[in-house]
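The values are calculated or read from the model by the stated rules, or taken from the named source; none is laboratory data. Note that this is a predicted model, so its numbers are computed, not measured. Glycine gets a Cβ as well: all are built from the backbone with ideal geometry, and neighbour counts include every protein chain shown.
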Amino acid sequence: MRLVSASLSLIGLAAAGLLWWLLAGLIGEPRGAANMAMRLGLGLAALLPALIVLAAMILAHMLLRFASGAFDPLAGRDGRLLAVNQRVIGNTIEQMALFAPALLAWAAGAGPGEMRWVIALGPVFAAARLAFWAGYLIDPMARAAGMAPSFVASLVAIGAAALAWAG
């Protein structure tokens, strides 16, 4: 089981790294990135994909609850799908509590040449959360393919922000 989890984590990390590199190459250096207000705005815009994913998770959960008739979450009638979705939403909020402020701190302290990497990390985080969600629905072990890259995206943002502000 640990080998499967570790393998899926490595596959997810490799895919996320490749996506980050490709997106950063497509973005290039944004105009106005020398201005901190513009960098913060770009950082906030980079969070939009993750917010869209979270909104989709919440909407799916609402529709599942409506379709199943399990309106009272305390009544003990939630099936596996509702339980999984609730855990996915909770974990995504926990991950975003790390990622969002770290990405904004990095954006604020980044040089203009770094902004393409800041901007590209937002969609990578969102894609990782989608992989987490899909994996969890397939099998709890399969969530590793999205968990590892979303957590590493947070660590990258934290580390890059710390370096930007330390130097």
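Below are the figures for this structure:
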quantity	calculated
Filtered residues of segment 35-54 (kept if surrounded by fewer than 18 Cβ atoms within 10 Å (Cβ to Cβ), at pLDDT 95 or above and small (Gly, Ala, Ser))	GLY41, ALA45
Inter-residue pairs, beta-carbon under 6 Å, first without any contact (Cβ under 8 Å) to a residue 24 or more places away in the chain and farther than 30 Å from HIS61 by Cβ and in segment 92-118, second part of a helix (DSSP H, G or I) and polar (S, T, N, Q), 6+ apart	none
When residues of segment 56-108 are limited to those that are farther than 30 Å from ALA33 by Cα and of a type in the set (Val, Ile, Thr), the one surrounded by the most Cβ atoms within 10 Å (Cβ to Cβ)	VAL88
Close pairs from segment 13-35: first in contact (Cβ under 8 Å) with a residue 12 or more places away in the chain, partner loosely packed, with under 12 Cβ neighbours inside 10 Å and assigned to a helix (DSSP H, G or I), Cβ under 7 Å, at least 6 apart	GLU29/GLY113
Subset of segment 134-143 that is surrounded by fewer than 23 Cβ atoms within 10 Å (Cβ to Cβ) and not acidic (Asp, Glu) - its residue that is nearest to GLY41 (Cα to Cα)	ALA134
